[in-house]
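The structure appears right after this line, and notes come after that.
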Amino acid sequence: MRLVITVLCGVGLYASLFMLRRARRAQRGLLEEPSVVQTPRASLIGGVSNAAFGTAYYLLLGIGIWFAHAPWQAGILLLASLAAAIMSAVLAHSLLFITKMACPHCWTSHATNALLLLCMTFELLKISYWQ
């Protein structure tokens with residue numbers, strides 16, 4: 001399961017880095033078309049880009065999963081996955097009903113976050129069972 005989580009984190013990291021680059025290009029006025037990174041919802045927490053949070057999350061989870069051997073450690077990672085999944089739900093709602101913009105990289109991240117929440121739940125159960 002840890003390998004699956006690591007691969008999913010790699011997929012999410014790619015999408016986040018792509019969107020982070022896009023956000024930086026938008027700040028410099030280099031985008032030729034409208035993008036979700038130009039909307040207020042692109043920085044939901046403290047003005048920091050959602051893509052920056054995603055980049056940090058995927059890196060930390062992808063590395064942290066290999067060091068989580070106690071249930072409390074896996075529990076912390078599960079809580080991080082839950083927070084990411086909730087954020088994804090908010091942003092997916094925004095894409096569908098508010099901005100109504102196409103964003104394949106966003107949807108990749110949202111799907112990845114849902115799968116990571118599921119995988120982290122199984123990982124916590126596995127660790128708890130063997131303790």
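Quick note: the coordinates plus some simple rules give every number you see, no bench work behind them. Because the structure is predicted, anything quoted here is derived from the model rather than measured. Glycine also receives a Cβ, built like all others from the backbone with ideal geometry; neighbour counts cover every protein chain displayed.
Take the Cα of Val90, go 7 Å toward its beta carbon, and the backbone nitrogen atoms of the stretch 13-43 under 11 Å from that spot belong to 41-43.
Residue separation of Leu118 and Leu79 scaled by 0.36 nm, minus their Cα-Cα distance, works out to 12.9 nm of gained length. Cβ-to-Cβ counts within 10 Å put Tyr129, Tyr14, Tyr58 in ascending order as Tyr129, Tyr14, Tyr58, the fewest first. Placing +1 on the Cβ of every Lys and Arg and -1 on the Cβ of every Asp and Glu, with no other charges, gives the stretch 2-130 a dipole of roughly 220 debye about its Cα centre.
For the chain, taking a cut-off of 4.7 Å between Cβ atoms, the unpaired cysteines are Cys9, Cys119. Ranked for footprinting exposure by Cβ neighbours inside 10 Å, fewest first, His110, His69 give His69, His110.
Measuring nothing but how far apart in sequence close Cα pairs (under 8 Å, 6+ apart) lie, relative to its length, the chain scores a relative contact order of 38 percent. Set against the 2.2 N^0.38 Å expectation for a compact globular protein, the chain has a Cα radius of gyration ratio of 1.11.
Add -39500 (n - 2.57) for each DSSP H run of 4 or more in the chain, then divide by its residues: what number comes out at 222 nm, to the nearest 500 deg cm²/dmol?
Counting only the DSSP helices, I get -24500 deg cm²/dmol.
For the stretch 58-114, the Cα-based Rg and Dmax, in that order, read 13.8, 42 Å.
In the chain, with Lys and Arg counted as +1 and Asp and Glu as -1 at Cβ, which of these residues, Leu3, Ala26, Ile45, has the Cα nearest the positive end of the dipole, that is, farthest along it? Towards the positive end, the residue furthest out is Ala26. Helix 50-64 and the longest principal axis of the C-alpha atoms of the chain enclose an angle of approximately 20°. Here the 3J(HN,Hα) profile of the stretch 77-91, calculated from phi with Karplus coefficients 6.51, -1.76 and 1.60 at θ = phi - 60°, is 5, 5, 4, 5, 5, 5, 4, 5, 5, 5, 4, 4, 4, 4, 5 Hz, Gly and Pro shown as x. A Förster radius of 25 Å combined with the Cβ-Cβ distance from Arg41 to Ser128 puts the calculated FRET efficiency at roughly 0.10.
Between Glu33 and Val7, full extension at 0.36 nm per residue minus the direct alpha carbon distance yields a gain of 6.3 nm.
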